[in-house]
1. For the chain, what's the relative contact order in percent, using C-alpha pairs closer than 8 Å and at least 6 residues apart?
2. By how many nm would the segment from Glu155 to Lys24 grow when fully extended, if each residue of separation counts as 0.36 nm and the alpha-carbon distance is taken off?
3. Amide H of Val113 versus every other amide H placed in the peptide plane: which residues, excluding those fewer than 5 positions away on the same chain, fall under 5 Å?
4. Can you list residues from other chains, or at least 5 along the same chain, whose modelled amide H is less than 5 Å from the amide H of Glu3?
5. Per residue of the range 55-62, in order, report the coupling 6.51 cos²θ - 1.76 cosθ + 1.60 (Karplus, θ = phi - 60°) as ³J(HN,Hα) in whole Hz, putting x for Gly and Pro.
6. Rg over Rh of the range 2-148, using C-alpha atoms and the Kirkwood radius, what does it come to?
7. Starting at the first residue of the range 38-52, write each ³J(HN,Hα) from the Karplus equation 6.51 cos²θ - 1.76 cosθ + 1.60 with θ = phi - 60°, in whole Hz, x for Gly and Pro.
8. Which value, in debye to the nearest 20, gives the size of the charge dipole of the range 85-163 about its Cα centre, when Lys and Arg are +1 and Asp and Glu are -1 at the Cβ?
Amino acid sequence: MIEKTFVAIKPDGVQRGLVGEVIKRFENSGLKLIGMKMQWLDKEFALKHYTEDISRRRGEKVRELLVDYIAEGPVVAMVIEGIHAIEIVRKIVGSTEPRTALPGTIRGDFCHVSYDHADKFEKAIRNIIHASGNKEDAEYEIKLWFKDKELHSYENSNEQHIR
Ligand code: GDP
Ligand code: MG
């Protein structure tokens, strides 16, 4: 069940100097980094990333706030590969609202704000990182962000321990 998933360290994660900390957590788990780049999105690209699915699930206002948030500074985008990678990466990332994200997860360890607080300030909730929510989103997001030749196939030293 080898899967690929898409991750982006959002502008707050980059600005707070958490890039290394975040990548370390994925590497520690034995997952494989197969693509990575820094990119500063324009609004047009941001709207392709946060599709109408967000408006359906969270409302049009959240989508607008999210587009401002993700485009406010550079992000570090990655593709990560491994067994059940989509689910495992979401587990390492933690739940969406930092208030309830568990300690030990990226969101639980590095942020704490609540939906109520973010909504009061009319800001998307700042939670450091994006990770694809399911297989369909992962396929769409990887294709949107990376060309085939930007993704690399190689053996890492963890592989001898998972066979
Ligand atoms: P994720 O997959 O865990 O990132 O969550 P979603 O895909 O549902 O939402 C995307 C992003 O929108 C989240 O990571 C938050 O940054 C933001 N967000 C979601 N829901 C809300 C909300 O109710 N209020 C605010 N202010 N931001 C939200
Ligand atoms: Mg999502």
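1. RCO, the chain: 33 percent.
2. Full extension from Glu155 to Lys24 adds 45.4 nm.
3. For Val113, whose amide H was placed from the backbone, the distant partners under 5 Å are Arg99.
4. Here the answer is Gly82, Ile83, His84, Ala85, since their amide H atoms fall under 5 Å of that of Glu3.
5. Those phi angles translate into 4, 5, 7, 10, x, 5, 5, 4 Hz.
6. 0.93
7. 9, 8, 9, 6, 8, 5, 4, 5, 4, 5, 6, 6, 8, 6, 4
8. Rounded to the nearest 20 debye, it is 160 debye.
Read the figures in this text as sums done on the coordinates, not as results from a lab. Given the structure is predicted, the values throughout are model-derived calculations rather than measurements. Neighbour counts are summed over all protein chains in view; Cβ atoms, including those assigned to glycine, are modelled from backbone coordinates with ideal geometry.
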